[in-house]
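Every read-out reported here was derived from the displayed coordinates using simple, explicitly stated rules and does not represent laboratory data. As the structure is a prediction and not an experimental result, all values here were calculated from the model. Using ideal geometry, Cβ is built from the backbone for each residue, glycine included, and neighbour counts are taken over all protein chains shown.
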Amino acid sequence: MHILNSVYGDSTGGRWNATLKTAELLAQCGHRVTLLLAAEDAAKVPDYAGSKIDVVTLRNSGHYDVLASWKARRLICERHIEAIIAHSGRAIHMLGRAAPKGVPVIAFNHSHNIKRTLRADAFFCITPYMKRLVDEATGGTKPSFVISNAVSVPPEDALKEHTDPPFTIGAIGRLVPVKGFHHLLAALGLLAKEGLEFRALIAGKGEQRAALERQAEELGLRDRVEFPGWIGPEQKGDFFNGLDVVCFTSEAEAQGITILESFAWRKALIGTDVDGASSCYVDGQTALVVPAKNPAALVAALRRLHDEPELRRRLAESGRREAVRLYSDQAIARLLDESVRKLVVSARRVGRG
């Protein structure tokens with residue numbers, strides 16, 4: 001099939017990475033993919049030369065740009081597009097007007113703010129919680145599927161269990177308030193007062209870095225906490241292999257790639273009990289789950305994982321199995337392929353009717 005895959009407006013962070021990953025996984029399944037983007041985003045696209053992915057740019061000034069929809073319809077017809085996947089509200093509005101009858105427009109929901117996606121014909125939702133939101137909003141009248149973000153699962157021989165002291169705690173993500181890293185630092189300050197020997201790495205970049213560094217200094221954690229900055233794909237192995245436990249401390253999150261990467265790299269996880277993200281783990285089975293914004297609860301979970309290495313190993317092994325079964329590139333590619341094919345068959349049947 002020839003599939004149009006598009007994002008406009010919010011083409012940053014996890015949404016942007018998911019848009020590219022969707023195109024790549026569909027191409028791996030043998031589909032031809034046209035990646036439709038704003039001109040200013042083209043420079044961020046990898047070199048897809050020789051692949052089944054074509055990159056096309058089209059100016060779109062907003063949700064009600066009729067000229068953009070007209071141009072998109074011409075593109076859809078010229079390329080014989082059979083299905084459209086849109087990763088943002090603006091893309092859904094533009095392509096919903098452009099799509100001929102019989103070509104389904106599928107909203108790929110990456111956010112709990114689903115209002116602008118509801119005009120789509122069908123929905124891919126990254127968590128069961130998000131699917132529930134969509135089904136409630138549509139009354140279950142449109143098809144929806146749970147299709148998670150995908151993670152590249154490293155081979156077994158790339159994994160290492162951290163055995164050298166001290167106990168090493170990791171966290172990674174955008175350094176912004178909603179990620180809850182300030183709560184992690186507060187917990188680390190309490191652990192230091194209890195006399196626990198540890199080292200912590202808080203990786204990422206963002207507006208809160210300076211404030212977090214000041215907080216660490218004020219808590220007397222200067223020699224215990226490091227801020228290594230952004231960790232690229234080639235550095236992920238060294239980062240995760242050097243940890244005993246990963247802390248996912250977000251106050252609100254649709255899913256969280258950190259969760260999936262922790263599973264993939266076989267690391268014990270502590271995660272917050274927030275809508276969306278918490279549907280990816282089960283307390284005591286694949287993570288220790290704590291309330292958000294609660295440093296004391298985080299301390300208790302960290303202390304437990306420090307004192308119970310067998311629990312660490314059990315959580316890590318369970319998470320690894322989940323990564324392979326539910327979140328790997330291969331698993332998500334199969335879901336994408338099966339779901340798109342099903343929707344195209346259904347749309348063609350309706351179109352003929």
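Overview of results
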read-out	value
Label-point gap, in nm, between residue 118 and residue 49 - each point 7 angstrom along Cα→Cβ	4.7
Residue-averaged [θ]222 nm for the chain, counting only DSSP H segments that reach four residues, each worth -39500 (n - 2.57)	-12500 deg cm²/dmol
Listed residues 63, 77, 89: farthest to the positive end of the dipole of the chain (Cβ charges)	77
Sequence ranges 292-303, 189-200, ranked by mean other-Cβ count within 10 angstrom, highest first	292-303, 189-200
Full-extension gain in nm, residue 28 to residue 285, via 0.36 nm per residue minus C-alpha separation	89.3 nm
Cβ crowding within 10 Å averaged over residues, with 252-262, 271-281 ranked highest first	252-262, 271-281
HN-Hα J in Hz across segment 269-283 - Karplus 6.51, -1.76, 1.60, θ = phi - 60°, x for Gly and Pro	10, 10, x, 7, 8, 10, 4, x, 4, 5, 6, 8, 9, 10, 4
Karplus 3J(HN,Hα) series, Hz, for segment 115-132 with 6.51 cos²θ - 1.76 cosθ + 1.60 (x for Gly, Pro)	3, 7, 9, 6, 7, 5, 7, 7, 9, 9, 10, 6, 9, x, 4, 5, 4, 4
Placed amide H near residue 172: partners under 5 Å, 5+ positions off or other chain	203
Calculated from backbone phi, Karplus (6.51, -1.76, 1.60) coupling profile of segment 175-183 in Hz, x at Gly/Pro	7, 10, x, 5, 6, x, 5, 5, 5
Charge sum, other residues only, whose C-beta stays under 11 Å from residue 223's C-beta, Lys/Arg counted +1 and Asp/Glu -1	+1
